Amino acid sequence: MNEFVKPSIEYFELAPLLLVFGAACIGVLVEAFAPRPARYAAQVVLTFLALLAALVTVVLVALDFADAGPAPHPDGRGFGVVAAMGSVAVDGPTLFLWGVILVLALLGTALFAERHLDGGLSAFAGQAAAAPGSDAERAASRERWEHTEVYPLLLFAVTGMLLFPAANDLLVLFVALEILSLPLYLLAGLARRRRLLSQEAALKYFLLGAFASAFFLYGAALLYGYAGSMEFGAIGEAIANKTDDRALLLVATGLLAVGLFFKVGAAPFHAWSPDVYQGAPTPLTAFMAAATKVAAFGAILRLFYVALGNDRTSWLPVFWVVAILSMVVGTVLAIGQSDVKRLLAYSSVAHAGFVLTGVLGVQSAGQMAPGELSSAEAVLFYLTTYGLTTLGAFAVVSLVRDGGGETTQLSRWAGLGKDSPVVAGVFAFFLLAMAGIPLTSGFAGKWAVFSVALAAGAWPVVLLAVLMSVVAAWIYLKVIVLMYFREPEPDSASVADPSVLTSVAIAVTAAATLVLGVVPDPLLDVLASAGEFIR
């Protein structure tokens, strides 16, 4: 008779995740019991405090690891703690990803809380259940209602994003995928303006996300059938020791990749990105475009480096193909876009390909020279730079207005540099960073991922990536020329005055884009000290 084993939970190492989840639950109670006029202030303060507390706790856990000088994992490939009965890995890359996600969540919360741009109301609908154009919707606007439920939904999404790259078990990875996705499906349909477009975006996101989740779950079931375990380390050992059932392993790997490629918006699984980016409330688009990509690529790194690392010769060719498709499709389709949010959406598809270029640089520890930048370090650095730049770019987009509210039609941006030279200049700076112009974080990030891919022999992909970067630079320069060298039209947009919240978000992201481009070494040193994924 088997004896019951008491589960052990490492509460200190898991504290950042638990703090955010606990605050999300408290936010639900606030919605249930707090009077409506008090909910906005209570939810904003609660969200900021929870995210700040979680970020401080991440630093404390990292310092505890450093002070204790934790011994390497027995296999010598990274250090950390496999918490929650082996289901969550808290190691250096996990802590770094947690820090980046929480910083992006803090900046995203500032955009969520912005109320100066829509007549004292947020960008989210007053009553989502009301049909667009109905008497109920007009009554909600007249009463100045707003959905403060967006803050606990944001916290639940952040909880899933924190768990996603830390999951050390296929089942936990799937649970994290659903926890981060379901709140985003809801939030995408809550735009105050252009309600039908927002609801269409939410429906497309949900349906395509459901298909992707089904692919992922089926792949997890097949991989369990192959390895006899859900745990990443056991899967890696099974791949190293088994010589049969290779077809089952390949099919499982392919299905898992489809589910994860969907979350990062890589081609050909990108169809949801333009519609969702355009239709969702811009504060959500900013947060989702930045933080979701960071969390999803963190999960890809852990799954394919730790669990499937011993079979890299099988899945690396697929990553070559997806990286090439993402860069080409994203860049080419961005050329003809007339909406700035759709342009940035296709840009994100191309950037997914650039990140995957860094993933191609995976090498065994014995193949790397001492002090050489690893594939994981390069990808994590790129994700940090891209996340901050993208969030800042969408924050600027939320400021451009006409008489009917936010306008994203590029034709209406003509002459914006003359009307608001500072705002247009900041947006141009973000575009130049996305293009990879020197002295921006985008250049340092691309240099990092391209160098590791070259070291691993993926020079054809790097060559194509450089070519696509040149084409993308031409696309971004067209927008800059539109803002600065075209005369304003009678119906051209103008820039609204934001509150201190959005101003701080833009200032922080712009400063980070500049600093990480000029002096990237401190962040790279942090990544080097973080170590490898624990196995």
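At-a-glance table
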quantity: Pairs with Cβ under 9 Å, 6+ apart, first in segment 226-252 and in contact (Cβ under 8 Å) with a residue 60 or more places away in the chain and under 16 Å from Ser314 (Cα atoms), second β-branched (Val, Ile, Thr) and part of a helix (DSSP H, G or I); calculated: Ile235/Val306; Gly236/Val306; Leu249/Ile239
quantity: Extreme residue, farthest from the chain's Cα centre (by Cα), among residues of segment 271-313 that are surrounded by fewer than 24 Cβ atoms within 10 Å (Cβ to Cβ) and outside any helix (DSSP H, G or I); calculated: Leu308
quantity: Asp135, sole failed condition from (1) farther than 20 Å from Ser398 by Cβ; (2) in contact (Cβ under 8 Å) with a residue 12 or more places away in the chain; calculated: (2)
quantity: Residue that is farthest from Gln337 (Cα to Cα), among those in segment 380-413 that are surrounded by 20 or more Cβ atoms within 10 Å (Cβ to Cβ) and among the small types (Gly, Ala, Ser); calculated: Gly387
quantity: Residue within segment 227-243 that is closer than 30 Å to Gln278 by Cβ and crowded, with 18+ Cβ neighbours inside 10 Å present; calculated: no
quantity: Restricting segment 166-212 to residues that are of a type in the set (Gly, Ala, Ser) and under 20 Å from Ile235 (Cβ atoms), the residue that is surrounded by the most Cβ atoms within 10 Å (Cβ to Cβ); calculated: Ala166
quantity: Among (1) in contact with a Leu (Cβ under 8 Å, 6 or more places away or on another chain); (2) buried (at least 22 other Cβ atoms within 10 Å of the Cβ), the one test that Val328 misses; calculated: (2)
quantity: Enumerated helices (runs of 4 or more DSSP H) restricted to segment 334-447, each holding at least 3 residues that are closer than 22 Å to Val466 by Cβ, modelled with pLDDT of 90 or more and touching a Gly at 6+ places or on another chain (Cβ under 9 Å); calculated: 340-359, 375-397, 421-435
quantity: Enumeration of residues in segment 180-237 that are of a type in the set (A, V, I, L, M, F, W, C), closer than 16 Å to Ala252 by Cα and over 24 Å from the mean Cα position of the chain (by Cα); calculated: Ala221, Leu222, Leu223, Ala227, Met230, Ala234, Ile235
quantity: Test: residue in segment 200-214 that is of a type in the set (D, E, K, R) and more than 27 Å from Leu19 (Cβ to Cβ); calculated: yes
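The values are calculated or read from the model by the stated rules, or taken from the named source; none is laboratory data. In this text the structure is predicted, and so the values were computed from the model without any measurement. Glycine gets a Cβ as well: all are built from the backbone with ideal geometry, and neighbour counts include every protein chain shown.
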